[in-house]
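**Q** Take a look at this one; I'll ask things after.
The values are calculated or read from the model by the stated rules, or taken from the named source; none is laboratory data. Keep in mind that this is a model prediction, so the values were computed, not measured. Note that we place each Cβ from the backbone using ideal geometry, even for glycine, and neighbour counts take in every protein chain shown.
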Amino acid sequence: MTAIMVASELNNNLLVVVAASAIYYGTPLFFAGLGEVLTERSGVLNLGVEGMMLLGAVAASVTSARAPGPAWLVLILALLAAMFAAACGAAVHAFAVITLRVNQTVSGLALTILAGGAGLSSYLANLWELRDPVPHQFTKLDVFGLADLPVLGPVLFNQTLLTYLSWVLVVASSWYLFRTRAGLHLRAVGESPQTADAVGINVVRTRYVHTLAGGSLAGVGGACFSLSIVPTWQDGMTAGRGWIAIALVIFGFWRPDLTLVGAYLFGAFSSLSLTLQARKVEISPSILESMPYVVTILVLVVVSGGWAKRRLGAPAALGLPYEREDR
Amino acid sequence: MKRSAFVSSLLAGALLLSACGKSESGSSSSGESDAKSDGGAVKAAWIYVGPTNDGGWTTAHDNGRKAVEKALGDKVETTFKENVPEGPEVAQVIEDLVKDGNKIIFATSFGFGDAMMAAAKKYPDVKFEHATGIPNDIENFSTYFGAGEQSLYLSGMAAGAETKKGVIGFVAPFPIPEVVRHINAYALGVQSVNPSAVVRVVWINNWFDPPKERQAAESLVAGGADVIASGGDSPAPGEAAKTLGVGWTGYDSDQSTNFPDVWLTAAVYDWGPYYTEHVQSVIDGDWKKQDYYGSIADGFTDIAPFGTRVTDDTKAKIEAKKDEIKSGDFDIFAGPIVDQAGAEKVAAGASLPFGDQMSIDWFVKGVEGDIPKS
């Protein structure tokens, strides 16, 4: 009896609450951020993350609401639908910037506006009459029955399947980027497409594949909102998280593991500002919530310096269209 | 390089077009206007800041518009423009609506005020009505809003009866008089049935951020609250309440069917009767300028149906209080009222003047939290 009380007391501790919350709310940021890492590693900047997340969210929402079958199957279908819908958005961007060599900033912004809160995603939601909570959701699990374990329980063993999936992805994508031939090719294309092309790497294909993959992951990020956090469709429900994901990429030095850390840090500061208010601690919430952005700016300053730029910086060809005849 | 510059300017053009085209797209699905003048139907138009499916503010207004269509049938022809930004675009939207022959135009967001006033001066034959607007002396311009605080008092009663720990968490949007007034009314309602209970406020500094609204609700419960109150109309705090098994009072939309286990009630507005009356007065030619502040007595504001958690005893208490408010026997801001520091703000026997209610910047005793000064 007392042991249980001690455990619940511990698990209500400020740090435990903030850590558990940071992971839950950081998960969609990580998915979208990892997607942007892959895209930017190929030299393509995609500012359409917010729009792609909303496309993913609306596709996941309608699938959960309409698809027949057992819950696990519907949820898999919903994730696939989210990936597909967001990848379609990414395909428009890829065609514009890779094939037509349009300004990447303009195309990405256009994608966010076209697909975003008052655009295509809201039109589709209206068409499909999405307004009630979706029937199939990713709820928090009690893994191995350890959810009530002191401290570690709420943080590690009481998350949704999406979070556990993200942990697998952070390992898999790090391995892919830094330990495989394809990952090496990807980084080469982002650093110097001319050189990559000269050694026979297909620059256009590499960029297309990773822009689409990045889009799919943004879609999963959107699905985290419509299937778990806010499982009722609302126009513009991601409320700017796509922009945070883009900041995360810089924050994480274009690395999956640091992107995960950054995502949890954003989640933690957001939670901290609310949790402290809820516990009557008076620290300006605005200061706490601006902290991750301050760190992002500091990182930008650092990566623009000489050594760091060589070791950690942005892909050298980021944002530049590649044309063979320019060689 | 030339080609890429050309294509990007094309894209930029498409982007601009899409931004401008948004307000137009809404009207395509508007009222089934088959003919322009079948026996002199009066044209009435609505301008919305959000989409009609937002499940809250704009949906409520659009339901009001539909109520007008239903009540007045072929005597009226309605149009709406949704997703209209609070910027220079609205002036153009109003111009179009006037040119299209609309005789009365309702704009339902505060930020439409300047353009509405300018248009009212330009077109004296058209009636302009501005929800949540600031009263002024333009002859063909009215403002209208409702006393949500009465309904919040009543939903506060439901929360006060529900709480066991005596702590209710309020997810609050912005520290402005409207929200402060609502929180105070809510806290007074809570205390009327549970004198020692407190209302703890967390500001999310946003009108609309569903993930953050839910995160705030969870923080409040972790911090000791066992009832959640929404200050915005996203159902996200309801999801937190459902997961954590605590009661929830919403705002501005009835979610009783979606959250049957945690739902208590919510303050709601019914714009239909007001719209119907005012369109009717344009038809009859006796429209009058006024600054309307609707109440429970007018049927303008109300509370949503109760959830299963609310006991019969509490329901009866709330209904009785509602009748007292209706008949004018009870004023929710009647003294004595003291602020957080214990200083008397309203003396016994007095009442908080309407002007003070509209500019209120202090919390009543029993509210925990600061009002950040900007």
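**Q** Can you go through B:286, B:254 and tell me which one is more than 10 Å from chain A (Cβ to nearest Cβ) and within 23 Å of residue A:226 (Cβ to Cβ)?
**A** Answer to the check: B:254.
**Q** Among the residues of region B:154-184, write down those that are closer than 14 Å to residue B:367 by Cβ and out of contact with any strand residue (DSSP E or B) (no Cβ under 9 Å at 6 or more places or on another chain).
**A** If the condition is that a residue be closer than 14 Å to residue B:367 by Cβ and out of contact with any strand residue (DSSP E or B) (no Cβ under 9 Å at 6 or more places or on another chain), then B:181 is the only one that fits.
**Q** In region B:245-274, which residues are of a type outside the set (Gly, Ala, Ser) and at pLDDT 95 or above?
**A** B:246, B:248, B:249, B:262, B:263, B:264, B:265
**Q** Looking at region B:147-168, is at least one residue assigned to a strand (DSSP E or B), buried (at least 24 other Cβ atoms within 10 Å of the Cβ) and either more than 14 Å from chain A (Cβ to nearest Cβ) or touching a residue at least 40 places away in the same chain (Cβ under 8 Å) (or both)?
**A** Taking every residue of region B:147-168 in turn, at least one turns out to be assigned to a strand (DSSP E or B), buried (at least 24 other Cβ atoms within 10 Å of the Cβ) and either more than 14 Å from chain A (Cβ to nearest Cβ) or touching a residue at least 40 places away in the same chain (Cβ under 8 Å) (or both).
**Q** Please tell me if residue B:243 is among the β-branched types (Val, Ile, Thr), assigned by TED's automatic domain parsing to the domain that holds residue B:159, surrounded by fewer than 24 Cβ atoms within 10 Å (Cβ to Cβ) and under 27 Å from residue A:22 (Cβ atoms).
**A** Answer is yes for this residue.
**Q** Out of (1) in a helix (DSSP H, G or I); (2) without any contact (Cβ under 8 Å) to a residue 60 or more places away in the chain; (3) within 14 Å of chain B (Cβ to nearest Cβ), what's the single condition that is false for residue A:225?
**A** It is condition (2) that residue A:225 fails.
**Q** Separate question: For residues that are in a loop (DSSP other than H, G, I, E, B) and modelled with pLDDT of 85 or more, scanning just region B:25-48, find the one that is farthest from the chain's Cα centre (by Cα).
**A** Taking the candidates together, the pick is B:41.
**Q** Would you confirm whether any residue within region B:180-191 is in contact with a Pro (Cβ under 8 Å, 6 or more places away or on another chain) and crowded, with 23+ Cβ neighbours inside 10 Å?
**A** Within region B:180-191, not a single residue is in contact with a Pro (Cβ under 8 Å, 6 or more places away or on another chain) and crowded, with 23+ Cβ neighbours inside 10 Å.
**Q** Restricting to region A:248-265, name every residue that is surrounded by 22 or more Cβ atoms within 10 Å (Cβ to Cβ), hydrophobic (A, V, I, L, M, F, W, C) and at pLDDT 90 or above.
**A** Correct list: A:248, A:249, A:254, A:260, A:263.
**Q** Say whether the condition of being surrounded by 15 or more Cβ atoms within 10 Å (Cβ to Cβ), within 29 Å of residue A:285 (Cβ to Cβ) and within 23 Å of the chain's Cα centre (by Cα) is met by at least one residue in region B:346-353.
**A** Yes: region B:346-353 contains one or more residues that are surrounded by 15 or more Cβ atoms within 10 Å (Cβ to Cβ), within 29 Å of residue A:285 (Cβ to Cβ) and within 23 Å of the chain's Cα centre (by Cα).
**Q** Considering every residue within region A:86-104, establish whether at least one is assigned to a helix (DSSP H, G or I), within 9 Å of another protein chain (Cβ to nearest Cβ), without any contact (Cβ under 8 Å) to a residue 60 or more places away in the chain and touching a helix residue (DSSP H, G or I) at 6+ places or on another chain (Cβ under 7 Å).
**A** There is at least one residue in region A:86-104 that is assigned to a helix (DSSP H, G or I), within 9 Å of another protein chain (Cβ to nearest Cβ), without any contact (Cβ under 8 Å) to a residue 60 or more places away in the chain and touching a helix residue (DSSP H, G or I) at 6+ places or on another chain (Cβ under 7 Å).
**Q** Ok, one more. On the basis of being under 20 Å from the mean Cα position of the chain (by Cα) and not polar (S, T, N, Q), does residue B:260 make the cut?
**A** No; evaluated as a whole, the condition is false for this residue.
**Q** If you take the residues of region B:217-238 that are within 8 Å of chain A (Cβ to nearest Cβ), crowded, with 24+ Cβ neighbours inside 10 Å and assigned to a loop (DSSP other than H, G, I, E, B), which of them is farthest from the chain's Cα centre (by Cα)?
**A** Restricting to residues being within 8 Å of chain A (Cβ to nearest Cβ), crowded, with 24+ Cβ neighbours inside 10 Å and assigned to a loop (DSSP other than H, G, I, E, B), the top hit is B:225.
**Q** To continue, here is another question. Tell me, which helices (runs of 4 or more DSSP H) lie completely within region A:113-202 with 1 or more residues that are away from every other protein chain (no Cβ under 14 Å)?
**A** Answer list for region A:113-202: A:152-156, A:161-179, A:181-191, A:193-198.
**Q** If we scan region A:41-55, do we find a residue that is within 11 Å of chain B (Cβ to nearest Cβ) and acidic (Asp, Glu)?
**A** Checked against the condition, which is being within 11 Å of chain B (Cβ to nearest Cβ) and acidic (Asp, Glu), region A:41-55 yields no hits at all.
**Q** Of all residues being part of a strand (DSSP E or B) and not hydrophobic (A, V, I, L, M, F, W, C) in region B:75-131, which is surrounded by the fewest Cβ atoms within 10 Å (Cβ to Cβ)? Just the residue, please.
**A** B:79
**Q** So, residue A:44, is that one touching a His at 6+ places or on another chain (Cβ under 8 Å), in a loop (DSSP other than H, G, I, E, B), at pLDDT 95 or above and of a type in the set (A, V, I, L, M, F, W, C) or not?
**A** Judged against the criteria, residue A:44 is a match.
**Q** Search region B:190-200 for residues being in contact with a strand residue (DSSP E or B) (Cβ under 9 Å, 6 or more places away or on another chain) and within 18 Å of residue B:266 (Cβ to Cβ), and hand back the single one that is farthest from the other protein chains (Cβ to nearest Cβ).
**A** Ranking the qualifying residues of region B:190-200, first place goes to B:190.
**Q** Could you list, in sequence order, all residues of region B:150-177 that are more than 15 Å from residue B:360 (Cβ to Cβ) and aromatic (Phe, Trp, Tyr)?
**A** Across region B:150-177, the qualifying residue is only B:170.
**Q** Something else now. Just to be sure before I move on: is residue B:322 at pLDDT 95 or above, over 20 Å from the mean Cα position of the chain (by Cα), outside any loop (DSSP other than H, G, I, E, B) and closer than 29 Å to residue B:273 by Cα in the structure I sent?
**A** no
**Q** Pairs under 6 Å by beta carbon, first residue within 12 Å of chain A (Cβ to nearest Cβ) in region B:48-70, partner among the aromatic types (Phe, Trp, Tyr), six or more apart or different chains?
**A** As it stands, the answer is B:58/B:48, since those pairs meet every condition given.
**Q** Let me ask you something else. Scan region A:89-108 residue by residue and report those that are surrounded by 18 or more Cβ atoms within 10 Å (Cβ to Cβ) and under 14 Å from residue A:35 (Cβ atoms).
**A** Once the filter is applied, which keeps residues that are surrounded by 18 or more Cβ atoms within 10 Å (Cβ to Cβ) and under 14 Å from residue A:35 (Cβ atoms), region A:89-108 yields A:89, A:90, A:93, A:94, A:108.
**Q** Of all the residues that make up region A:276-299, how many are touching a strand residue (DSSP E or B) at 6+ places or on another chain (Cβ under 8 Å) and on the phi < 0 side of the Ramachandran plot?
**A** 3
**Q** So the check is Cβ under 9 Å with 6+ separation or different chains; which pairs have a first residue in region B:313-335 that's surrounded by 13 or more Cβ atoms within 10 Å (Cβ to Cβ) and a second one that's assigned to a loop (DSSP other than H, G, I, E, B) and among the polar types (S, T, N, Q)?
**A** B:325/B:295; B:326/B:295
**Q** So, one more: Among the numbered conditions (1) touching a Leu at 6+ places or on another chain (Cβ under 6 Å); (2) not in a loop (DSSP other than H, G, I, E, B), tell me where residue B:310 comes up short.
**A** Residue B:310 satisfies every listed condition except (2).
**Q** Something else now. Residues that are within 22 Å of the chain's Cα centre (by Cα), surrounded by fewer than 21 Cβ atoms within 10 Å (Cβ to Cβ) and in a loop (DSSP other than H, G, I, E, B): does region B:264-280 have at least one?
**A** Yes, there is a match, as at least one residue in region B:264-280 is within 22 Å of the chain's Cα centre (by Cα), surrounded by fewer than 21 Cβ atoms within 10 Å (Cβ to Cβ) and in a loop (DSSP other than H, G, I, E, B).
**Q** Considering only region A:157-168, state which residues are crowded, with 19+ Cβ neighbours inside 10 Å and out of contact with any Asp or Glu (no Cβ under 9 Å at 6 or more places or on another chain).
**A** Scanning region A:157-168 gives A:159, A:160, A:162, A:163, A:166.
**Q** Can you tell which of A:63, A:27 is assigned to a helix (DSSP H, G or I) and either without any contact (Cβ under 8 Å) to a residue 40 or more places away in the chain or in contact with a His (Cβ under 6 Å, 6 or more places away or on another chain) (or both)?
**A** That would be A:63, the only listed residue that is assigned to a helix (DSSP H, G or I) and either without any contact (Cβ under 8 Å) to a residue 40 or more places away in the chain or in contact with a His (Cβ under 6 Å, 6 or more places away or on another chain) (or both).
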